[in-house]
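Peer 1: For reference, the structure I am asking about is given below.
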Amino acid sequence: MLDRADLRRAYRAEEEACVAERLEQAAPARKVAGEAAALAIDLIEGARAQTASGIDAFLQQYGLDTEEGIALMCLAEALLRVPDSRTA
């Protein structure tokens with residue numbers, strides 16, 4: 001627990017000393033951020049290096065920016081609306 005004397009000392013501390021202490025405290029966070037960024041880059045590059053297979057390859061071939069892709073999406077939506085024997 002922080003008592004009043006500690007609070008006064010912290011309040012009246014020199015700015016340069018406070019800044020130096022905060023920078024020292026922040027150093028591990030900068031290191032972790034750098035490691036996280038490096039890991040993110042590795043994961044993204046790994047994901048991009050994998051070749052698409054199955055449904056992923058199909059969706060890449062017929063994206064929604066093509067007429068075929070839009071037609072397939074319309075067909076899929078229509079099939080969802082057709083009742084089967086259990087839902088009729």
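Values quoted throughout were computed directly from the atomic coordinates according to the rules given, and no laboratory measurement underlies them. As the structure is a computational prediction, the values presented were derived from the model and not from experiment. We place every Cβ from the backbone using ideal geometry, glycine too, and count neighbours over all the protein chains shown.
Peer 1: Return one quarter of the surface area of the convex hull spanned by the alpha-carbon atoms of segment 1-50, equal to its mean projected area, in nm².
Peer 2: The directionally averaged projection comes out at 5.2 nm².
Peer 1: Same structure, new question: Using 0.36 nm per residue, how much length does the chain from CYS18 to TYR62 gain when fully extended, once their Cα-Cα distance is taken away?
Peer 2: Using 0.36 nm per residue and subtracting the Cα-Cα distance, I get 10.0 nm.
Peer 1: Another one. With a 10 Å Cβ neighbour count serving as the proxy for reagent exposure, in which order, fewest first, do LEU39, LEU80 appear?
Peer 2: LEU80, LEU39
Peer 1: Determine the equivalent ellipsoid of the chain by diagonalising the alpha-carbon gyration tensor, then write out the semi-axes as square roots of 5 times the eigenvalues, largest first, rounded to whole Å.
Peer 2: Computed over the chain, the values are 60, 22, 12 Å.
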